[in-house]
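Read the structure below first, then the notes.
The values are calculated or read from the model by the stated rules, or taken from the named source; none is laboratory data. This structure is a prediction, so every number in the text was calculated from the model and none was measured. Cβ placement follows ideal geometry from the backbone for every residue including glycine, while neighbour counts extend to all protein chains displayed.
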Amino acid sequence: MTAHARCPALVIAACASGQGKTTVTAALARLQARRGRRVRVFKCGPDYLDPHWHQLASGAPVGQLDLWMTGAADCAARLHAAAGEADLILIEGVMGLFDGEDCVADLAQRFGLPVLAVVDAGAMGGTLGAIAYGLKHFRPGLHWAGVLANQVAGERHAQMLQAGLQDPADWLGALPRLGRHGAALLPERHLGLVAAHELPDALARLDTAADALAATPLGQLDAAAWQRYAVDFAPPPAQATTAPLLAGRTVAVARDAVFAFIYPANLQTLEQLGARLAFFAPLAGERLPPCDAVWLPGGYPELHAERLAANHGLRQDLQAHAAAGKALWAECGGMMALAQSLALPDGRSLPLWGLLPGCVTLHQRLAGLGPQQLALPQGVLRGHTFHYSSFDSQAPVATRTARPGQGVADGAGEAVYRVGALRASYFHAWFASSPAATAALFGATS
């Protein structure tokens, strides 16, 4: 029987989005890693971008935790495994602490995780005390660690903030404004943070944040002090063995700066299904490797549309692959790349690979956001949608996704287009939620 594993752990949460959770989580991971500690970081919810920063900061792969999408058993297994090999576990929350069903507070309470609240206090004083008090006492039984004030103007401002707390023990410090020349330390674009690998000075940015955090009470905790946040992680329940439904098959996976929205757990699921993975980089001009199925993950085709369209050889390879009746699954940005054209906000229209009829149009506002599930005959895949574009296509719609607890008839789901063995959608799937359905997407016949 697997033994319990005990390890200090901390959930970095907030009262809302945009408070600085990612910066604090990455800074803390970087600071502790520089001190020689083994840090494992998790991100709550479906997020592809923040984990890039956390992996750079910690030097270790970053996993997802989501009570609905990945499931409680999966969360338990990943936390238990991390506790067995790490000196510290950090979990970045999503949105506000109590926002949504299966919220961050639910996760924290289920696993007994202490919660640190990050609050952008740049335009407040004593009100920080009210926010901290509310977060701490709103739900009985929540394991509270304290509050860290962000965007603090200086020492006097920090003193005002600290004085507003009813419990002095709640104060874990203040971080100054860390932006460069008026810009954010961790820059953003329309889908979230710019990925760490896109910035040549990404590690220097993390070191700047880590240095600032080192001056706070949180940053000054030593190994002994961290034990106050130790959590006993119980062994996870036994999980069913994944049948090798893709044994003997090769799945080609696009992976580069365009096709970057890949959960490591999805690759793991494909391998557990028995598939051999062959990676290729369309942006570098690479052709399609010999394969039985193709996965085009999400990402940013709109940033590199001209270079993608210039890869005529890959376009021909994909057309031949589809014509041969071989499976192709394209998610969000992957689907966009298969469209005939892309309409940009500045009025330009750029050609794309043209395997799917229709035009993708970029918008300034979100066009889709939230958890979704895809019901296939082999099982139900859970996942999410998040996009700033729309696809006007005449391609046949085989089915639609649905919101949790609802059916496709409510019209809030994403179209799943199907042309032969090619399937494409704005839906991002969490493969482990149904390995059998995943295998079907990639051509398994049983």
message = Criterion first (among the hydroxyl-bearing types (Ser, Thr, Tyr), touching an Asp or Glu at 6+ places or on another chain (Cβ under 8 Å), in contact (Cβ under 8 Å) with a residue 12 or more places away in the chain and not assigned by TED's automatic domain parsing to the domain that holds Phe386) does Thr25 satisfy it?
response = yes
Failed condition for Ala108, given (1) under 13 Å from Arg40 (Cβ atoms); (2) hydrophobic (A, V, I, L, M, F, W, C); (3) over 16 Å from the mean Cα position of the chain (by Cα) = (1)
key: Selection from the range 41-55 of residues that are surrounded by 22 or more Cβ atoms within 10 Å (Cβ to Cβ) and hydrophobic (A, V, I, L, M, F, W, C)   = Val41, Phe42, Cys44, Trp53
note = Going through (1) closer than 26 Å to Gln151 by Cα; (2) in contact with an Asp or Glu (Cβ under 9 Å, 6 or more places away or on another chain) one by one, Pro8 fails only at (1)
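Table: residues versus (1) surrounded by 15 or more Cβ atoms within 10 Å (Cβ to Cβ); (2) modelled with pLDDT of 90 or more; (3) at positive phi.
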site	(1), (2), (3)
Arg365	no, no, no
Gly368	yes, no, no
Gly407	no, no, no
Val419	yes, yes, no
Leu422	yes, yes, no
query = Is it true that Ala323 is surrounded by fewer than 22 Cβ atoms within 10 Å (Cβ to Cβ), hydrophobic (A, V, I, L, M, F, W, C) and more than 25 Å from the chain's Cα centre (by Cα)?
reply = yes
query = Which condition number does Ala254 fail, the rest of (1) closer than 30 Å to Pro289 by Cβ; (2) out of contact with any helix residue (DSSP H, G or I) (no Cβ under 6 Å at 6 or more places or on another chain); (3) at pLDDT 95 or above being met?
reply = (2)
task = Search the range 113-137 for residues that are farther than 12 Å from Asp170 by Cα and pair each with any residue that is of a type in the set (Lys, Arg) and assigned to a loop (DSSP other than H, G, I, E, B) when their beta-carbon atoms are under 9 Å apart and the residues are at least 6 apart or on different chains.
result = Gly122/Arg177
message = Could you check the range 140-170 and list, in sequence order, the residues that are in contact (Cβ under 8 Å) with a residue 60 or more places away in the chain and either at negative phi or more than 34 Å from the chain's Cα centre (by Cα) (or both)?
response = Ala145, Leu148, Asn150
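To keep it simple, each residue is scored yes or no on (1) within 14 Å of Phe391 (Cα to Cα); (2) among the basic types (Lys, Arg).
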{"site": "Ala305", "(1), (2)": "no, no"}
{"site": "Ala320", "(1), (2)": "no, no"}
{"site": "Leu355", "(1), (2)": "yes, no"}
{"site": "Arg365", "(1), (2)": "no, yes"}
ask   = Could you list, in sequence order, the residues of the range 151-161 that are of a type outside the set (A, V, I, L, M) and surrounded by fewer than 19 Cβ atoms within 10 Å (Cβ to Cβ)?
value = Gly154, Glu155, Arg156, His157, Gln159
inquiry  = If I filter the range 57-78 for residues that are closer than 23 Å to Arg382 by Cα, of a type in the set (Lys, Arg) and assigned to a helix (DSSP H, G or I), do I get at least one hit?
reply    = yes
remark   = Pairing a residue in the range 346-359 that is touching a residue at least 12 places away in the same chain (Cβ under 8 Å) and on the phi > 0 side of the Ramachandran plot with any residue that is surrounded by fewer than 22 Cβ atoms within 10 Å (Cβ to Cβ) and not in a loop (DSSP other than H, G, I, E, B), where Cβ atoms lie under 6 Å and the two sit 6 or more apart in sequence or on different chains, gives Gly358/Asp392
request  = Could you list, in sequence order, all residues of the range 56-70 that are of a type in the set (Gly, Ala, Ser) and surrounded by fewer than 18 Cβ atoms within 10 Å (Cβ to Cβ)?
outcome  = Gly59, Ala60
remark   = Of the residues in the range 23-38, those that are surrounded by 23 or more Cβ atoms within 10 Å (Cβ to Cβ) and either part of a loop (DSSP other than H, G, I, E, B) or within 21 Å of the chain's Cα centre (by Cα) (or both) number 8
ask   = Within the range 420-446, which residues are more than 23 Å from Phe386 (Cα to Cα) and not in a loop (DSSP other than H, G, I, E, B)?
value = Ala436, Ala439, Ala440
task = Please go through the range 251-276 and pick out each residue that is surrounded by 16 or more Cβ atoms within 10 Å (Cβ to Cβ) and over 20 Å from the mean Cα position of the chain (by Cα).
result = Val251, Ala252, Gln272, Leu273, Gly274, Ala275
